[in-house]
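Notes for the one structure printed next.
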Amino acid sequence: MPPHPSGPQPGETVTATLEVPTRLLAYWDNGWTYEPGEYTLRIGTSVSELPITRVVRLTQPEH
């Protein structure tokens with residue numbers, strides 16, 4: 001079934017995929033770098049309502 005042209009309807013459940021580029025978790029230190037480890041992503045309708053939580057793990061690239 002094709003998606004609704006106006007988006008999901010009230011009460012409808014949908015699945016979304018969100019790709020988060022590593023650079024969004026990076027900081028500048030004479031080049032973009034990031035700290036390996038686990039990061040918690042929280043998703044919701046407002047900062048006080050974040051019911052969806054996912055953990056992503058960044059690893060150090062092998063040289």
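Across the stretch 33-51, the number of residues qualifying as open to solvent by less than 70 Å² (accessible area, probe 1.4 Å) and part of a strand (DSSP E or B) comes to 5.
Look at the stretch 4-18 and say how many of its residues are among the acidic types (Asp, Glu) and either touching a His at 6+ places or on another chain (Cβ under 7 Å) or surrounded by 10 or more Cβ atoms within 10 Å (Cβ to Cβ) (or both). Write out each step before concluding.
First, the residues of the stretch 4-18 that are among the acidic types (Asp, Glu): 12.
Applying the additional criterion that residues be either touching a His at 6+ places or on another chain (Cβ under 7 Å) or surrounded by 10 or more Cβ atoms within 10 Å (Cβ to Cβ) (or both) yields none.
Going through the stretch 4-18 one residue at a time, the tally reaches 0.
Scanning the stretch 19-32 for residues that are assigned to a loop (DSSP other than H, G, I, E, B) and surrounded by 10 or more Cβ atoms within 10 Å (Cβ to Cβ) yields a count of 2.
The values are calculated or read from the model by the stated rules, or taken from the named source; none is laboratory data. From a predicted model like this one, the values you see are computed outputs, not experimental measurements. So basically every Cβ, Gly included, is an ideal-geometry build from the backbone, and we count neighbours across all protein chains shown. With ligands, DNA and RNA removed, areas are computed over all heavy atoms of the protein, side chains included. Shrake-Rupley method; radii C 1.70, N 1.55, O 1.52, S 1.80 Å.
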